[in-house]
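Here's the structure, in structure tokens; my notes come after.
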Amino acid sequence: MALPESPDECHRVVAGAFTDVVAGVADWDAPAPVEGWAARDVVDHLTTWLPALLDGGSDARLPAGPPVEADPAAAWRAHAAAVQELLDDPRTASKLLSNPHIGELPLPTAIDRFYTSDVFMHTWDLARASGQEVRLDPDVCAEMLAGMSGMEDVLRGSGQYGPRVDVRDDAPVQDRLMGFIGRDPAWRPPNAS
């Protein structure tokens, strides 16, 4: 199954899956698979970097939501709703994002390519941190892995991804994607049985 092609519908599906995982988090201080992060840091990352990108390269702004420190779930829901509202707004189609690293792109394309895909991958991080099982769509995992593999040096050089974790070639594609972005697919919280 592929994700919807339109950025607004794709975000609706991906953010909805992340919201489902958010609803299952009982301990926001639980360690996450990203070194030095707790579950709340996954939400903090997703709710802070996109507004900064928009502020620096477009005239689009997202309203501030509740602070992650006080209520990560409420912060995520407010942020996801604001991004969805931006993507659903017909005026957004004519907006551009300009950035020295990625050039100039239509704003919906930039959000889809960089932000929504990040939410997709971080869904695994939050699920693992909170002891939930998540099955990311294998077709989407395969597509992302193929796209990123061709520019591995650029991705690693950006500092956005950790060193690749070796994973068997015949491992499920979700595990291979997680290994590619620097996650150990076998990672579990330290206190998990």
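Computed values, structure above
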read-out: Number of positions in region 25-35 that are touching a helix residue (DSSP H, G or I) at 6+ places or on another chain (Cβ under 8 Å) and under 22 Å from Ile181 (Cβ atoms); value: 6
read-out: Residue match in region 88-98 (condition: of a type outside the set (Asp, Glu), in contact with a helix residue (DSSP H, G or I) (Cβ under 9 Å, 6 or more places away or on another chain), without any contact (Cβ under 8 Å) to a residue 40 or more places away in the chain and closer than 20 Å to Ala17 by Cβ); value: no
read-out: Residue match in region 126-135 (condition: at negative phi and free of Cβ contacts under 8 Å to residues at least 40 places away in the same chain); value: yes
read-out: Residue in region 32-39 that is in a helix (DSSP H, G or I) and either out of contact with any Ser or Thr (no Cβ under 8 Å at 6 or more places or on another chain) or of a type in the set (A, V, I, L, M) (or both) present; value: yes
read-out: Residue within region 94-113 that is among the basic types (Lys, Arg), in a helix (DSSP H, G or I) and within 19 Å of the chain's Cα centre (by Cα) present; value: yes
read-out: Identity of the residue in region 17-48, free of Cβ contacts under 8 Å to residues at least 24 places away in the same chain and either within 15 Å of Ser117 (Cα to Cα) or under 15 Å from the mean Cα position of the chain (by Cα) (or both), that ends up surrounded by the most Cβ atoms within 10 Å (Cβ to Cβ); value: Asp41
read-out: Subset of region 148-187 [hydrophobic (A, V, I, L, M, F, W, C), surrounded by 14 or more Cβ atoms within 10 Å (Cβ to Cβ) and assigned to a helix (DSSP H, G or I)]; value: Met148, Leu155, Val173, Leu177, Met178, Phe180
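FYI, it's all coordinate maths here, none of it is from the lab. Remember, predicted model here, so these are calculated numbers, not experimental data. As a convention, Cβ positions derive from the backbone with ideal geometry for all residues, glycine included, and neighbour counts pool all protein chains shown.
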